1. Exactly one condition in (1) closer than 26 Å to F30 by Cα; (2) in a helix (DSSP H, G or I) is not met by Y181; state its number.
2. Can you tell me which residues in region 21-38 are free of Cβ contacts under 8 Å to residues at least 60 places away in the same chain and aromatic (F, W, Y)?
3. Residues E120, E174, E151: which one is in a strand (DSSP E or B) and of a type outside the set (G, A, S)?
4. State all residues of region 97-114 that are in a loop (DSSP other than H, G, I, E, B), in contact (Cβ under 8 Å) with a residue 24 or more places away in the chain and of a type outside the set (K, R); if no residue qualifies, say none.
5. Of all residues being in a helix (DSSP H, G or I), among the hydrophobic types (A, V, I, L, M, F, W, C) and over 21 Å from Q98 (Cβ atoms) in region 1-24, which is modelled with the highest pLDDT? Just the residue, please.
6. Would you pick out the residues in region 36-61 that are touching a His at 6+ places or on another chain (Cβ under 8 Å) and either at pLDDT 95 or above or surrounded by 15 or more Cβ atoms within 10 Å (Cβ to Cβ) (or both)?
7. In contact with a Cys (Cβ under 6 Å, 6 or more places away or on another chain) and either at pLDDT 95 or above or buried (at least 18 other Cβ atoms within 10 Å of the Cβ) (or both), is that true of S252?
Amino acid sequence: MANFQRTLSAVAKGQVIIPHIRAEMAAPGFKGFDVTVRGWREGHREFDGWFHPSTHATWTARQLALYLMHGSQLPQERPDVHFVLAVTQGSFWHELVQRILLRGEILRRNPGTKWKDPIEQQVEIPIRDPHHNILGHADGRMVTADDELFEFKTTSSDRVVKSYRDGGEAYLREKNPYGYYSQAQDYLAVTGLAKTRYLVLGMVPGFPMEEFVVHADPRFQAAQRAKYRTAIEHASRGTLPEACCGIGSKESKTCPAARFCPIGKVTT
């Protein structure tokens, strides 16, 4: 009964994904399937010269220019066991949710693919914009709305899920945790679509979920594109855009490109 009430509440709020997941996984005839666990090296990204919104969407023009000029020399992320476990559980839940939504015809299947193919080939949407040097992928595209992408995120905090429940798009825009809002806007700008439907799942007892829609923000997108072009043009000339922090500032101490920036060199 409690699950039924939650499903009714989700439908009343205009949610599409959560009611389907709850109904599918609670069904006595739920059919299992294999989920791939990928090794660390498969998910590790070497420098390729592209801006990846999942990593770079919140970087400044100066940081991005330094990335283009010195990317292969920037410090690589060194995984510890906690990071690898976090990446592994995130990958597992992504595929589980994507396959449930694909089987339920909530997500579109990419043309020419079959159920046995890797889930990335089946549902994920390539994001590529050579003019702004953007490369990435969205987690899927909705069947239920022609103008919606799909993005799935996990969190280890029940408080964060509650913040999404209370604020939805406004919380994502104002807090921009992990650059998610910037990433969503980059993906929408490249695809030309109007919305992204977000699903957030808490990795805590009860597995709370929240679903909401993020709308395209043309002004934000224009600022992002201008930032990327500024970085590209400066890097091509071997110059740096204006400084984005000061000597000794917190930003200068945590900057991923500090090793190659005059400000970062003085600070460190």
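The values are calculated or read from the model by the stated rules, or taken from the named source; none is laboratory data. Values in this document were obtained by computation on a predicted structure and should not be read as measured data. With ideal geometry, Cβ positions are generated from the backbone for all residues, glycine too; neighbour counts draw on all protein chains shown.
1. The one condition Y181 does not meet is (1).
2. Result: F30, single match.
3. Going through E120, E174, E151 in turn, the sole match is E151.
4. Filtering region 97-114 down to residues in a loop (DSSP other than H, G, I, E, B) leaves 104-106, 108-114.
Of the ones still in play, those that are also in contact (Cβ under 8 Å) with a residue 24 or more places away in the chain are 104-106, 108.
Of everything in region 97-114, those that are in a loop (DSSP other than H, G, I, E, B), in contact (Cβ under 8 Å) with a residue 24 or more places away in the chain and of a type outside the set (K, R) turn out to be G104, E105, I106.
5. V11
6. Keep residues of region 36-61 that are touching a His at 6+ places or on another chain (Cβ under 8 Å), which gives 45, 51, 61.
Once the filter is applied, which keeps residues that are touching a His at 6+ places or on another chain (Cβ under 8 Å) and either at pLDDT 95 or above or surrounded by 15 or more Cβ atoms within 10 Å (Cβ to Cβ) (or both), region 36-61 yields F51, A61.
7. yes
The rows are residues; the columns are (1) in contact with a Ser or Thr (Cβ under 7 Å, 6 or more places away or on another chain); (2) closer than 25 Å to Y67 by Cβ; (3) of a type outside the set (K, R); (4) modelled with pLDDT of 95 or more.
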position: G179; (1), (2), (3), (4): yes, yes, yes, yes
position: A194; (1), (2), (3), (4): no, no, yes, yes
position: R197; (1), (2), (3), (4): no, no, no, yes
position: E211; (1), (2), (3), (4): no, no, yes, yes
position: A231; (1), (2), (3), (4): no, yes, yes, yes
